[in-house]
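Input: one structure, supplied below.
The values are calculated or read from the model by the stated rules, or taken from the named source; none is laboratory data. Only a predicted model underlies this, so the values are computations on that prediction, with no experimental measurement involved. FYI the Cβ positions are ideal-geometry reconstructions off the backbone, even for glycines, and counts take in every protein chain you see. Side chains are part of the model used for accessible areas, which takes the heavy atoms of the whole protein and leaves out ligands, DNA and RNA. Shrake-Rupley method; radii C 1.70, N 1.55, O 1.52, S 1.80 Å.
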Amino acid sequence: MAATKRKRRGGLAVQAKKPKRNEKDAKQPAKLRDVAEETKEEERDRIPGPVCKGKWKNKERILIFSSRGINFRTRHLMQDLRMLMPHSKADTKMDRKDKLFVINEVCEMKNCNKCIYFEAKKKQDLYMWLSNSPHGPSAKFLVQNIHTLAELKMTGNCLKGSRPLLSFDPAFDELPHYALLKELLIQIIEEDAALVEIGPRFVLNLIKIFQGSFGGPTLYENPHYQSPNMHRRVIRSITAAKYKEKQQVKDAQKMKKKEPKTVLPHDPTADVFVIPAEEKPIEIQWVKPEPKVDLKARKKRIYKRQRKMKQKMNSGNTK
């Protein structure tokens, strides 16, 4: 359709005139094509430089806090984790009477979507919760063999807030519950890498994996897990069994001592290979033996005589 142009005073529409093409305008597309082909050839021969994807922003925010009743070692462990993860936030200690579902509200107030919560029980057992707030999943661990950064004194070094790096065993890709834990740890901490260890070092014994955040249906339960109370009970029973065994041995020894000794009958074959000793003649001494010389007493007497002689000589010289 050709463009139409109306007059201001009204009337019939007049067709707009087409612009005339010059020879210069016709030559321009040919030149552009040549320039484009040359640039394509140059790009083929050129080595591509590093691609800059822009500044990476970690949008994960982690809340790291604990319940009341933790000891100094747990407090130092939390400080080490906060120092290694600059995208973490802290909060006051939670009362042990409160339910764990309250943590989801605390995460929402702190604008955090991940949570690491340390739960202390009996002032000697420590549990750690890893949760994706507020919809889950979450995992509960028993923390054992804690060694903080100050205790280890490793050779490695890093800047404060330089983010920790994870390295996983191939078994984490084989089983489904390990794969879930791997993804949860990567989202909370950082990606896979291998560097010099600086700490902290601790052991996480998996207890359960829940579908929700701090609760819900159980996705996985560790069949080999033994609670600390049960472990202490087994140790006490072992020590008690050892004590009972010692007491039984002592009682048996006392009973043996009290029993009358059994006299064995004489064995006639026991004297078959016995050789009788030669009988010595009896000698009767008619002369009184000479007394033995006491050398110590003799030396004392000689020393006293010499001393008296010296005293006499000194007294004569003085006169």
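Under 18 Å from a label point 7 Å along Cα→Cβ of residue 317: give me every residue in region 276-308 with its amide N that close.
So the set is 306-308.
Out of residues 5 or more away from residue 219 or on other chains, whose amide H comes under 5 Å of its own, with H placed 1.01 Å from N in the peptide plane?
Under 5 Å from the amide H of residue 219: 209, 210, 211.
A follow-up question, please. Output ³J(HN,Hα) for region 130-147: one whole-Hz value per residue in order, computed from phi by the Karplus curve 6.51 cos²θ - 1.76 cosθ + 1.60 with θ = phi - 60°, and x for Gly and Pro.
Values, residue by residue: 10, 9, 9, 8, x, 9, x, x, 9, 9, 10, 10, 9, 8, 9, 6, 7, 9 Hz.
Could you give the length gained on full extension between residue 275 and residue 38, defined as 0.36 nm per residue of separation minus the Cα-Cα distance, in nm?
Full extension of this stretch gives 72.8 nm more.
Between their Cα atoms, which of 122/250; 121/250; 153/242; 99/123 are more than 29 Å away from each other?
Long pairs (Cα-Cα over 29 Å): 122/250; 121/250; 153/242.
For region 217-230, take each phi angle, set θ = phi - 60°, evaluate the Karplus expression 6.51 cos²θ - 1.76 cosθ + 1.60, and give the result in whole Hz per residue in order, putting x for glycine and proline.
x, 7, 7, 8, 10, 6, x, 9, 6, 10, 5, x, 4, 5
Next question. Want the number for residue 168 to residue 83: 0.36 nm per residue separation, take away the alpha-carbon distance, what's left?
In short, 28.4 nm is gained.
Enumerate the amide H contacts of residue 66 below 5 Å, restricted to partners 5 or more residues apart or on another chain; note that Pro and chain-start residues carry no placed amide H.
Residues meeting the criterion, in which the H sits 1.01 Å from N, are 94, 118.
Given the whole protein assembly as supplied and a 1.4 Å probe, what does the accessible area of residue 60 come to in Å², nearest 10?
Ignoring ligands and nucleic acids, residue 60 comes out at about 40 Å².
Also: How large is the accessible surface per residue of region 262-319, computed with a 1.4 Å probe and reported in Å² as a whole number?
126 Å²
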